[in-house]
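Below you'll find the structure, written out as structure tokens, and then a few comments.
All of the numbers you see were taken from the coordinates with simple rules; none came from a lab. Note that the structure is predicted; figures quoted are calculated from it, not measured. Glycine gets a Cβ as well: all are built from the backbone with ideal geometry, and neighbour counts include every protein chain shown.
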Amino acid sequence: MCGKCGINFYIYPPHIAHKRLKRYELLPGKEDYTSLTIECLTHLYPKTCPTCNITLTKSVSTRSYIIRCSQCHYQGSRLKHTPLQDLKLPLYVFGWCLLESLSRYPKVLTATEIQRRLGVAKNTATLLKRRLQLLAFDQLPKLNKRFYNDLKTNLSNLTFPRNDKADLTEIAKNKPIPQIDTMALYSASQRANKGRGNENFIITWAYDFWPVLAAPFAA
């Protein structure tokens, strides 16, 4: 109370601003999504120590985007020269997009759904979608080489009869016959459909054959 005017004053406590978590920060299983992204980058985009000339394998617990050398402790970025370069979001966000795209195949994960599920801006969702497409596009030469080698090894001496009604059971027995998706993907040019439409198939194939893509068929 003021002694001069007799008016009661109430002093409010200082306002404490509470940080409102974004929707993608509430995702369950963030550690698993982060591990998926790290595994994908490790197999498809291996990093080499410039001093020891060995593959970087060690992680930094406080910074998931950093990878270091086990001998000289040189540190580098996992994201450099990959589709995730300059990514401002946590790695688990891209891991969620990758796993969601895999689980939806042959359906497509749209940028609109990324925006709605993760609570990010429209431009952010579009860029995440484009990073998925770039990841798939980078694997296309490796896939084409794998397809070519398989066809050359298994079907090089195979001749089909000219009769359209002939029975091909015995001819194609125990032979890996290419599917329509495989042939369309193999013959697709880099500008076909503006780089859209095949990313789920490529990502699914790459997910199943990461060791193959990382070893003999790595560029």
With θ set to phi - 60° and the Karplus curve 6.51 cos²θ - 1.76 cosθ + 1.60, what are the ³J(HN,Hα) couplings of the range 128-143 in order, to the nearest whole Hz, using x for Gly and Pro?
-> 5, 4, 5, 5, 4, 5, 5, 4, 5, 5, 5, 8, 4, x, 5, 5
Those trypsin sites (Lys or Arg not before Pro) in the range 89-132 that DSSP places in a loop and that have at most 10 other beta carbons within 10 Å | 107
Global geometry of the range 58-145, whether rounded, prolate or oblate, following the gyration tensor of its Cα atoms and the 1.5 cut on a/c | oblate
Distance between modelled label sites at residue 152 and residue 63, nm, 7 Å Cα→Cβ extension = 4.3
Which of 97, 69 has the fewest Cβ neighbours within 10 Å, and the rest in rising order | 69, 97
Please give the residues of the range 20-48, grouped as numeric ranges, whose backbone N is less than 16 Å from a label point set 7 Å along the Cα-to-Cβ vector of residue 75.
-> none
If a/c stays under 1.5 just call it rounded; otherwise compare a/b with b/c (prolate if a/b is bigger, oblate if not). Do that for the range 78-125, with a ≥ b ≥ c from the square roots of the Cα gyration tensor eigenvalues.
-> oblate
Note, the range 47-57: 3J(HN,Hα) by Karplus (6.51, -1.76, 1.60, θ = phi - 60°), whole Hz, Gly/Pro = x, goes 10, 10, 6, x, 8, 8, 6, 10, 6, 6, 10
Ranking 38, 67 by Cβ neighbours within 10 Å, fewest first, what do you get?
-> 38, 67
